[in-house]
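The values are calculated or read from the model by the stated rules, or taken from the named source; none is laboratory data. Computed from a predicted structure; not experimentally measured. Cβ placement follows ideal geometry from the backbone for every residue including glycine, while neighbour counts extend to all protein chains displayed. Remember, those area values only see protein heavy atoms, side chains included, never the ligands or the DNA or RNA. Shrake-Rupley method; radii C 1.70, N 1.55, O 1.52, S 1.80 Å.
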Amino acid sequence: MTFLNAIMLLGLAAVAIPIIIHILNRRRAQLVDWAAMQFLEESLTSRSRRILIEEILLMLLRCLLLGMLAFALARPFLRTGRLLVADTADAQDIAIVLDGSLSMTLESAGASSFQRAADEARQVLEVCRAGDAVSVVLAGPTAQPVVATPLSDLDAVRRELEGLRPAGGSMDVPRALNEAVRSLAAGSNLAKKIILITDGHKIGWDLDGRKRWAFLAEEAKESLPAAPVVIVRTLQIPKQWRNVCVGGLRLARAVVGTDRPVRISVTVANTGVGDLEPEGVRLAVDGVELEARLPTAGGQARPTGRIAEGASATVEFDHHFKASGPHVVSAAVLCPDDLPGDNQALHVVNVLKRLPVLVIAGERSTRPLGGDADFLQIALAPPSEERPDPAENLIEPKLVVASDVASVKDFDEYSVVVLADVPRLPASAAERLARYVQGGGGVLIAPGQKADKDFYSGWTGPDGKRITGCRLVEFIDLPVADGAEQRFVHVAPNTIDHPALKLLADPSVSDLASAQIKRRWVLASDDEPGVSVGAAMDNAEPYLIQRQAALGFVLTLAVPLDREFSDLPVHECYLPMVHELVYYLAAPSQPPMNIQPGQQIAFPIPGQISHGDVAEVFTPDGQRHAAELRQRRPDAHRGWLATFSHTAAAGLYRLALPDKALGELATRPAVARNADGVGGVPFVVPGNPEESKLLTLAPEDYARAAEFVNLKRAETLSELTHAIKGGVPGSEIWRVLAVLCAALLLAEILTTRAIALRRQVHLARPVAFGTDQADVEAFRERARQLLQTPSPRKEVPAK
Amino acid sequence: MGKTDGHGQPEYMQLLDPEALGKIHRLELIARGVVEGFVSGRHKSPYKGFSVEFAEHREYVPGDNIRDVDWRVWGRSDRYYIKQYIEETNLRALILLDASGSMGYTGRRSARHNGDRLSKFRYGQFLAASLAHLMIHQQDAVGLATFDTDTRRYIPPRSRASHLRVILQELAACRPGGETSLAKIFHDLAERIHRRGLVIIISDLFDELEEILRALHHFRYRKHEILLLHVLAEEELTFPFDGWSLFRNLERLAHRIQLDPLSVKSEYLARVRRFVRRLEIGCGQMNVDYVRLSTRNSFDVALAHYLAHRMARTR
């Protein structure tokens, strides 16, 4: 409690006035010489206790009355919150940052958190004073400036708030605040405030990214006249809420072809409070629901069973994509809950019809299976009963010997290049291959005995670093000892860390560990960022080393993939291993169809582009935006790229292009326009599964953020609006006190009156006395006595 | 002789107010009941036929017995005179004047005498002097006893004219002070006075009421007629104080009570009223002539009123 007129609190000293008056009265008591003391004494004795109580009660009332009066005059102010921001008479620039993350769609009491946030933003506008200017930022995975520069026309800001929808995904707080700072920098008022209205979800604050926060503070310092006050208004979220979400939608392979089925895993997580049993999971490809292998009574949804709080369940589907091109896979968990926004996940699969792989062998052999890459070639395109025509295979290998490598004009025509026991490459080929990797190509190197270790160790890319990420130290050829068991080495499954080999890591289903390695290179990996050992042998030497060079990957194996070096080619695991390695390496060369929020959509246009053609993107919220068309490389002749950068919101984007630009893709179900004219190449910005967990910020989290920005917390809307006005939320209570004063005054009067009545001061008649006065009462009393008592003469005792 | 005032008159003579005496001049104090006297005249005497000595003539006033008219004087002067005798009566009256400290109270509303407010004691002095003068004037024997906790002075009843001076001197010399012990004094005196007579008590009677009544009963038992002149100040009857006051006991100066008078006013007045009523009833039951006298009223008016009333009742 504070006092607006605190000086009047001195008036509380008036409480002593009745006491002082009482004491003075007693001290100034008039001395009266008195005769009839016996009556006075008797009166006092019989009433002293009551008199004391009456006096104390009266004095208490009077003291209270005066105290209350002084208290009321001091204008006490009852705070309902804290003083967040000191008052300022100046106009101010206010940036309202609305949390547009997925968790803000959580509904409680008939409204979503985002609706409540928008309502509070409107309340903020209500308390803005003339001259205040307001900008609005919608904070999702990226910061979307809704009102980019502060506007004094608050009605315009209100209109912008009307149509605002959550962006989905997670809010990137530093980015949002950066955007707010940028908008405030465009304002002309000196006082700056940022109001972040959020549900306090911890995801997206990136409190460990201290550099980002430091950068934010630095930018605020440089671009604003004074550090802005960041007022975080945390909305209350319900304590009891039910939620299941699709926590993951993954395909078993990064590259999916039309040649074979692919396994699709859908993870369903219970992130709410209490156990839940969803009706099932439904998977659809291009809007067509997949037939479930295990039909349930409720339909075709795959059951998940009961999921405990905090637990998850995975449901797997197998699907064979028959047509190449992009397909939209959607997985939905069927369960009514409080956060329906995360009950569905999307994924775009770009199904390939063919995957060209260039295999460069050290030398050609005239013997069957005698060449350096014969086994490999067969493994890449194995003949089968299902696909008697090798052309139906996804992987389309092409073999050239190292001496003919110059004939390969453009490595970019291949998704993957394999160097199988190649001693060395010509300098020009090595340089072109290095650029190929930089551009997203994948290279698998399996050096053999003939390999020139100086070439491989010294093969560097445009950045001056080794392409392989390792050095070839020495080639070890185990001697064949008569009668003695050869000491082979094996791949150690427990050391497998590479995604491409994960399938083979389980010894119960993979025979990789039993493959005997007779000859091998001892590799020494570079201590560089981007270099990692993906698997090792049981003698701790690296088996697979990965190097990421710009967009592409280079994988170097310690053992060639030929029968001459190990018996791996005769193992079951050989074929899947080769395929997985190729798929993995081929993945970066595919246009990314599932992108992170804010990441640019870059789609290589397969068809023709004419001057004047336009590309546009349909965003998840139904808006239509223009996309940029540009050549893939300024010096290249290899076609065009369509790019689009505003991918803040999670959901499905569609890049619409002229049919001739799409070529045969235009007819694909996932690309074709629907009746509304919406269509195009699909892209998905996935939501953040963590957003479904509603981990709220702790006080220490706010404290960490406050190390960088002047952060204040508003617990209530009242605190928020008062923070805008610069006042303290609360109300004066002088009216209540005035009523109390009146009540006390009345009580004092009534008590005084009651005491007077009880003392009968007004009825206190003087005693009738003297010869000329008749005391009526005395007369009556005497008459009564005379009537009741015998004659006075009889009373006189006889002598 | 005692002190004199500015006019050469003895101080005790101030107790005889000429104006007051003028008012009671024609009145006689006649015993209502039976008194032990010799003269069959104004007082009914149990000793009838006893001769008396002529003393003087007095002008007839209506109400005098027609038998007492001196017809010879009427023959000479054509005026009615009454023959008065030295031993006209044997009425013996004893005036008991309370001289305790409580009688010293002088209220602000008391009657004035020569510009001064009268205390209860002073009021009683005047009353006693007037009564003594009246009775001496009637040839009655009158005595005086002053007391507080004890009998200060006892002057036996005499009817000589010079006895008045003795009484007046004693009255003038007496000063109020000390505590009261009425019942004890009354009992003592009741034992001390053997001949039946009139006992005139002038007091505020601030003592134990039941004790007082028992003492009065003792007088009555001794066949004394009692005239109880209850003197109170106006303040004692109205309690007009309204501010915090420190009441100091006039009988014991160390005894003080500090209070807000309004808080006990009604209670106090009720107690005084009860006291007076009880006293009046007690007196009525004992056939004691009880007279209330407030110092606010001039004592002579009150006295004259009483005497007129008494005479009217007697005749």
Could the peptides B:280-290, A:670-680 be put in order, highest first, of the mean number of other beta-carbon atoms found within 10 Å of their residues?
-> B:280-290, A:670-680
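Let me have the 222 nm mean residue ellipticity of the protein assembly as shown computed from DSSP H runs of 4+ only, each contributing -39500 (n - 2.57), with the sum over all residues rounded to the nearest 500.
Rounded to the nearest 500, the figure is -9000 deg cm²/dmol.
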Of A:Phe114, A:Gln344, A:Tyr456, which is farthest along the charge dipole of chain A in the positive direction, counting Lys and Arg as +1 and Asp and Glu as -1 at C-beta?
-> A:Phe114
Gyration tensor verdict on the range A:117-251 (Cα atoms; rounded if a/c is under 1.5, prolate if a/b is larger than b/c, oblate otherwise) = oblate
If you line up the long axis of helix A:37-73 against the longest principal axis of chain A, both from Cα atoms, how many degrees apart are they, to the nearest 10?
-> 40 degrees
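Would you mind giving the mean number of other chain beta-carbons within 10 Å of the Cβ of each residue in A:19-26, as a whole number?
2
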With the Cα gyration tensor of the range A:244-352 in hand, give its eigenvalues times 5 under a square root as the equivalent ellipsoid semi-axes, listed largest first in whole angstrom.
-> 26, 14, 11
Pairwise burial A:B, computed as accessible area of each alone minus the pair, summed, 1.4 Å, Å² = 5400 Å²
Two-site FRET efficiency, A:Asp454 against A:Arg159, from Cβ-Cβ distance with R₀ of 51 Å, rounded to 0.05 = 0.15
Relative to the longest principal axis of chain A, what angle (0 to 90°, nearest 10) does the C-alpha long axis of helix A:16-27 take?
-> 20 degrees
Between A:Ala214 and A:Thr2, 0.36 nm times their residue separation minus their Cα-Cα distance comes to what?
-> 72.6 nm
Over the protein assembly as shown, give the accessible area per residue in Å² for a 1.4 Å probe, as an integer.
-> 46 Å²
Three-way shape call for the range A:601-687 based on the alpha-carbon gyration tensor, with the a/c threshold at 1.5 | oblate
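Ignoring ligands, DNA and RNA, how do A:Ile20, B:Ile193 rank by accessible area with a 1.4 Å probe, largest first?
Sorted by accessible area, descending: A:Ile20, B:Ile193.
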Roughly speaking, what is the stretch gain from A:Ser108 to A:Glu363, that is 0.36 nm per residue apart minus the C-alpha to C-alpha distance, in nm to one decimal?
-> 84.7 nm
If you count, for every residue in B:287-298, the Cβ atoms of partner chains within 10 Å of its Cβ, what is the mean?
-> 3
Can you give the angle from 0 to 90° between the axis of helix A:113-127 and the longest principal axis of chain A, with both taken from C-alpha atoms, to the nearest 10?
-> 50 degrees
Would you mind checking which residues have amide H under 5 Å from A:Ile445's amide H? H placed 1.01 Å from N; only 5 or more apart, or other chain.
-> A:Leu419, A:Leu555, A:Thr556, A:Leu557
With every protein chain left in place, what is the accessible area of B:His194 in Å² (1.4 Å probe, nearest 10)?
-> 150 Å²
Out of residues 5 or more away from B:Val142 or on other chains, whose amide H comes under 5 Å of its own, with H placed 1.01 Å from N in the peptide plane?
-> B:Ala93, B:Arg158, B:Ser159
Measure up A:Lys502/A:Lys693; A:Lys322/A:Lys502; A:Lys192/A:Lys725 against 22 Å on the Cα-Cα distance and list the ones that go over.
-> A:Lys502/A:Lys693; A:Lys322/A:Lys502
Selection from B:Ser110, A:Cys470, B:Ser162, by position along the positive dipole direction of the protein assembly as shown (Cβ) = B:Ser162
Cleavage-rule hits (trypsin sites (Lys or Arg not before Pro)) in the range A:402-459: DSSP loop, at most 11 neighbouring Cβ within 10 angstrom | A:Lys409
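Can you sort A:Ser135, A:Ser508, B:Ser162 by solvent-accessible area, 1.4 Å probe, largest first?
Greatest to least solvent exposure: A:Ser508, B:Ser162, A:Ser135.
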Arranged from highest to lowest average of other beta-carbon atoms within 10 Å per residue, in what order do the peptides B:104-111, A:581-588 appear?
-> A:581-588, B:104-111
Pull up all non-local amide H partners of A:Ala492: gap of 5 or more, or a different chain, and H-to-H distance under 5 Å with H placed in the peptide plane.
-> A:Ala536, A:Met537, A:Asp538
Rounded if a/c is under 1.5, else prolate if a/b is larger than b/c, else oblate: which is the protein assembly as shown, with a ≥ b ≥ c the root eigenvalues of its Cα gyration tensor?
-> prolate
Solvent-accessible area, 1.4 Å probe, carbon plus sulfur percent, for the range B:126-205 | 48 percent
Counting only other chains, what is the mean number of Cβ atoms within 10 angstrom of the Cβ of each residue in peptide B:226-239?
-> 3
